[in-house]
1. Can we say residue 112 is over 22 Å from residue 206 (Cβ atoms) and among the polar types (S, T, N, Q)?
2. Just need a number here: residues in segment 172-194 that are at pLDDT below 60 and of a type in the set (A, V, I, L, M).
3. Since residue 86 meets every condition but one in (1) small (Gly, Ala, Ser); (2) over 14 Å from residue 117 (Cα atoms); (3) in contact (Cβ under 8 Å) with a residue 60 or more places away in the chain, which condition does it not meet?
4. For segment 54-80, how many residues meet the condition of being more than 24 Å from residue 25 (Cβ to Cβ), touching a helix residue (DSSP H, G or I) at 6+ places or on another chain (Cβ under 8 Å) and among the hydrophobic types (A, V, I, L, M, F, W, C)?
5. Can you name every residue in segment 118-166 that is over 21 Å from residue 222 (Cβ atoms) and polar (S, T, N, Q)?
6. On the basis of being touching a strand residue (DSSP E or B) at 6+ places or on another chain (Cβ under 9 Å), at pLDDT below 95 and within 23 Å of residue 14 (Cα to Cα), does residue 66 make the cut?
7. Tell me which of these residue 56 doesn't satisfy, since it passes every other one: (1) modelled with pLDDT of 95 or more; (2) out of contact with any Asp or Glu (no Cβ under 8 Å at 6 or more places or on another chain).
8. What strands (runs of 3 or more DSSP E) lie completely within segment 8-107 and have 1 or more residues being among the β-branched types (Val, Ile, Thr) and more than 21 Å from the chain's Cα centre (by Cα)?
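The values are calculated or read from the model by the stated rules, or taken from the named source; none is laboratory data. Given the structure is predicted, the values throughout are model-derived calculations rather than measurements. As a convention, Cβ positions derive from the backbone with ideal geometry for all residues, glycine included, and neighbour counts pool all protein chains shown.
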Amino acid sequence: MASWALVTGATAGIGESFTRLLADNNYNIVLVARDLPRLEERARALEAQYKISTHLIQADLATDAGCAVVEQYITSNQIDVLINNAGFGLNKAFTMSELVAEQQMMDVLVRTPMRLMHSALPGMKERDKGIVINVSSVAGYIAGGSYSAAKSYLTVISESLNTEFAATNVKVSALCPGFTRTEFHQRARMSMKGLPNFMWINSDDLVAQSWSDALKGKAVSIPGWQYQLLVFVIQTLPRTLIRKVGMNLRAKQRK
């Protein structure tokens, strides 16, 4: 039986990189995103280059209905790899942003990964086989508003599940990237002026590192020496200072 991987936010950035890595590892791919033309374009490219099969799910994961469609598909089909990648950021302070936007971000970053894992993991446990990668962020280690809080959830739940399944062949890992060359910051209208080039990471490189770390059973993957060092420093410095730095960084991105 052919193995299938499901990737949310599959048409661009880290999610798109994951689709190519998984296809190169002979997985058939379920691509999930909102943009149907881009889904179709990615599916055609994957099938042509890697000779694998694809299935498309057009879904807005900020909605209950969109999340439910993917949940139902996972429940009804064997998924051996789940990549919870879909996400977006907000370019406003918490008190200045619209409540509906805050709720949508939490639904995409927290509610959807939680529910998809809850759908996928029982089957993986029963088969004693499966890999879940939750795309978190180094931002989860700082205090940078709702986005940081949501990413912190993804890292911690991944760590918890990694421990829960430690004695099995089910792997759960959090990928915590730093600044990655994708569409993310442009879509969120965040200013990235002044960020030195060495702080940017290539999406394909970090996905390859994440996959390798997940296969090794690592609970958390932080690609790039610069971000491994940064997280070490963050965990060493007083939390009061980290809070100030985190909020100052978010303020600069809004300019």
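1. Numbers: over 22 Å from residue 206 (Cβ atoms): no; among the polar types (S, T, N, Q): yes.
Considered against the rule, which asks whether it is over 22 Å from residue 206 (Cβ atoms) and among the polar types (S, T, N, Q), residue 112 comes out as no.
2. Filtering segment 172-194 for residues at pLDDT below 60 gives 182-194.
Next, from what is left, pick out any that are of a type in the set (A, V, I, L, M): 188, 190, 192.
Here the count works out to 3.
3. (2)
4. Residues that pass the stated criteria total 4.
5. 119, 146
6. Values: touching a strand residue (DSSP E or B) at 6+ places or on another chain (Cβ under 9 Å): yes; at pLDDT below 95: no; within 23 Å of residue 14 (Cα to Cα): yes.
No.
7. (2)
8. Details: elements: 28-33, 54-58, 81-84.
Qualifying strands (runs of 3 or more DSSP E): none found.
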